[in-house]
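The values are calculated or read from the model by the stated rules, or taken from the named source; none is laboratory data. Remember, it's a predicted structure, so these values are computed and weren't measured experimentally. Virtual Cβ from ideal backbone geometry, glycine too; neighbours counted across all protein chains shown. SASA here: full protein model, heavy atoms, side chains in, ligands and nucleic acids out. Shrake-Rupley method; radii C 1.70, N 1.55, O 1.52, S 1.80 Å.
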Amino acid sequence: MPIRIETLTLPVALIAAIGAQAALAQDRPPSFVDAATVVPGLVADMRYAGAHNFVGRPIDGYEAAHCLLTQAAAAVLAEVARDLSARGLVIKVFDCYRPERAVMNFVRWARDLGDTAGKAEFYPDVDKRTLFRDGYIASRSGHSRGSTMDLTLAKADGSELDMGTHFDFFSPKSWTDDTSISAEQHANRMVLATAMRRRGFRGYDKEWWHFTLRNEPFPDTYFDFPVR
């Protein structure tokens with residue numbers, strides 16, 4: 001039988017203390033940093049903090065457009081950025097740490113078959129009913145562990161390298177080794193993948209933009225503090 005607490009019978013001071021503890025629990029842990037303060041030249045285009053994403057509106061938990069990462073992941077990403085700077089390239093991130101509440105927002109959206117605002121741009125050839133089956137939406141995300149990021153490469157003027165598809169394009173064309181893209185587009189993907197793997201990130205073969213730190217510090221912990 002669940003324990004029921006009648007809050008009206010609790011002392012006001014105790015209620016305030018419980019509220020303060022709940023608020024504190026939502027603060028960013030000290031093991032997380034804003035990657036823009038660590039990674040040289042980082043460009044943050046945090047899609048889920050705005051409306052330019054497959055849902056078409058800001059996502060739960062993104063209160064600010066910051067790329068939050070564990071200190072370990074940010075430090076290694078900084079090494080990648082320094083490597084790429086020699087080629088005149090910078091890193092552009094689309095998503096970093098993702099609160100679990102955002103993942104649940106995606107799950108609710110996926111189950112609402114009438115909500116297709118982003119279909120034309122992000123999943124023109126995919127039936128929304130198959131998003132779970134095909135792996136485009138999941139009830140758990142490695143992003144919530146804080147050492148996974150979605151990113152691309154850009155030139156010094158800010159123009160992105162042509163990767164064959166844009167970020168979050170739900171299609172086999174987004175698979176890292178897709179053969180339907182041009183030789184130049186494939187080469188650009190390999191520049192990104194090689195630079196990331198060289199420093200200790202592993203990619204996801206169905207999303208050319210998705211990488212996770214191999215020795216991530218919280219492999220079994222899924223966080224839910226907001227991005228702010």
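Candidates in the range 19-55 are the residues that are surrounded by fewer than 16 Cβ atoms within 10 Å (Cβ to Cβ), out of contact with any helix residue (DSSP H, G or I) (no Cβ under 9 Å at 6 or more places or on another chain) and at pLDDT 95 or above; of these, the one that is nearest to residue 156 (Cα to Cα) is 50.
Identify all residues within the range 97-114 that are within 25 Å of residue 64 (Cα to Cα) and without any contact (Cβ under 8 Å) to a residue 12 or more places away in the chain; write none if there are none. Result: 108, single match. For residue 135, the test of being within 20 Å of residue 109 (Cβ to Cβ) and not aliphatic (A, V, I, L, M) is passed. Of all residues in the range 178-201, those satisfying the criterion of being in contact with a strand residue (DSSP E or B) (Cβ under 8 Å, 6 or more places away or on another chain) and either open to solvent by 80 Å² or more (accessible area, probe 1.4 Å) or on the phi > 0 side of the Ramachandran plot (or both) are 197, 200. Per the conditions (1) touching a Leu at 6+ places or on another chain (Cβ under 9 Å); (2) small (Gly, Ala, Ser); (3) farther than 16 Å from residue 94 by Cα, the sole criterion not satisfied by residue 146 is (3). Can residue 228 be described as surrounded by fewer than 18 Cβ atoms within 10 Å (Cβ to Cβ), more than 21 Å from residue 81 (Cβ to Cβ) and within 17 Å of the chain's Cα centre (by Cα)? So residue 228 passes the test.
Would you check if residue 108 is assigned to a helix (DSSP H, G or I), open to solvent by 10 Å² or more (accessible area, probe 1.4 Å) and modelled with pLDDT of 95 or more? Considered against the rule, which asks whether it is assigned to a helix (DSSP H, G or I), open to solvent by 10 Å² or more (accessible area, probe 1.4 Å) and modelled with pLDDT of 95 or more, residue 108 comes out as yes. Among the residues of the range 60-97, those identified as open to solvent by 10 Å² or more (accessible area, probe 1.4 Å) and among the β-branched types (Val, Ile, Thr) are 76, 90. Read through the list (1) out of contact with any helix residue (DSSP H, G or I) (no Cβ under 9 Å at 6 or more places or on another chain); (2) crowded, with 21+ Cβ neighbours inside 10 Å; (3) more than 25 Å from residue 32 (Cα to Cα), then give the number of the only condition that residue 145 fails. If we test residue 145 against (1) out of contact with any helix residue (DSSP H, G or I) (no Cβ under 9 Å at 6 or more places or on another chain); (2) crowded, with 21+ Cβ neighbours inside 10 Å; (3) more than 25 Å from residue 32 (Cα to Cα), just (3) comes out false.
In the range 175-228, the residue that is farthest from residue 165 (Cα to Cα) out of those that are of a type in the set (Ser, Thr, Tyr) and outside any helix (DSSP H, G or I) is 221.
No other residue among 223, 169 is in contact with a Ser or Thr (Cβ under 7 Å, 6 or more places away or on another chain), within 23 Å of residue 105 (Cβ to Cβ), open to solvent by 10 Å² or more (accessible area, probe 1.4 Å) and not hydroxyl-bearing (Ser, Thr, Tyr) apart from 223.
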